[in-house]
Amino acid sequence: MSCTRRNLMTPHENIHEKAMLYYKNIAESAAFVFTSLVQSDLKQKKIFNRRLASLPNDIIIRFDFEADIKGYFAFFFSLKNALAICDKLVPGIDPKFFGTDHLDILGEIGNMISGNTLSRLVSVNAEIRLDPPRLVAFHEILSTEKGHHSFSSNFDIELGKMGVLLAIEHKD
């Protein structure tokens, strides 16, 4: 009887492989939505096995999910970039002060990313549950770090940078 590499993988290697599959689909969804809406190419930078240091200064939209693994993913960008994105999508919106109209626009972007992500992740796991997007503060991300494996990357877009974070719950 022969052993395959998959059978010899450690639990950490398995979670890393699975997370990369989820991350790839999530990042492609965010990139697709932003490319379609903002009409700009996105260039992904290096993927890190941790959260990005810039996250405390960013607006963060989070989606919780549950499938064969459980966790959340988020996309994030600076306030300056959020204002520029909203202004590009809805000309005439206040470009200096962030308000409920901006949150509504970002929520709609979140809904589009959510729908696109769900359709992509169904091919990875048909029994996936994805919660609606919600705006979160950095302390919510920070408070989950001990219990999650994190993967993140920045993307260069015409209006600045956007990032994607995936956090997979430890199965300990």
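Values quoted throughout were computed directly from the atomic coordinates according to the rules given, and no laboratory measurement underlies them. Since the model is a prediction, treat every value here as computed from it, not as a measurement. No Cβ is skipped: glycine too gets one built from the backbone with ideal geometry, and neighbour counts run over all protein chains shown.
General observations
- Residues in region 137-145 carry Karplus couplings, in order, of 9, 4, 4, 5, 5, 4, 5, 9, 4 Hz; the curve used is 6.51 cos²θ - 1.76 cosθ + 1.60 with θ = phi - 60°, and Gly or Pro positions show x.
- Computed magnitude of the charge dipole of the chain (debye, nearest 20; Cβ of K, R +1, Cβ of D, E -1): 580 debye
- Overall form of region 98-153 per C-alpha gyration tensor (a/c, 1.5; a/b vs b/c): oblate
- Label-point separation, E66 to R134 (7 Å along Cα→Cβ), nm: 1.4 nm
- Taking the C-alpha atoms only, the angle from helix 100-121 to the longest principal axis of the chain is near 30 degrees.
- Relative contact order, percent, region 69-146 [alpha-carbon distance under 8 Å, six or more residues apart]: 19 percent
- Here the label points at V124 and D104, each 7 Å from Cα along the C-beta direction, are separated by 3.3 nm in the simple model.
- Loop-resident GluC sites (Glu not before Pro) (DSSP state other than H, G, I, E or B) in region 42-133 with no more than 10 further Cβ atoms inside 10 Å of their Cβ: E127.
- Set K18/K171; K43/K146; K146/K171; K43/K161; K70/K161 screened for pairs whose C-alpha atoms are more than 21 Å apart: K43/K146; K70/K161
- Dividing the mean sequence gap of close Cα pairs (under 8 Å, 6+ apart) by how many residues the chain holds gives a relative contact order of 35 percent.
- Spin-label pair I93/K45, simplified geometry with 7 Å Cα→Cβ offset, distance in nm: 2.4 nm
- Unit charges at the beta carbon, dipole of the chain: most positive-side option, F155, A74, L106: F155
- Options [x] 10, 37, 37, 13, 3, 0; [y] 10, 39, 34, 12, 4, 1, 0; [z] 9, 35, 35, 16, 5, 0 - which one matches P(r) over Cα pairs in 10 Å bins from 0, in percent as calculated here: [y]
- Taking Cα atoms only, the orientation of helix 79-89 departs from the longest principal axis of the chain by about 70 degrees.
- Theoretical ellipticity at 222 nm over the chain - DSSP helices of four or more residues, -39500 (n - 2.57) apiece, nearest 500: -13000 deg cm²/dmol
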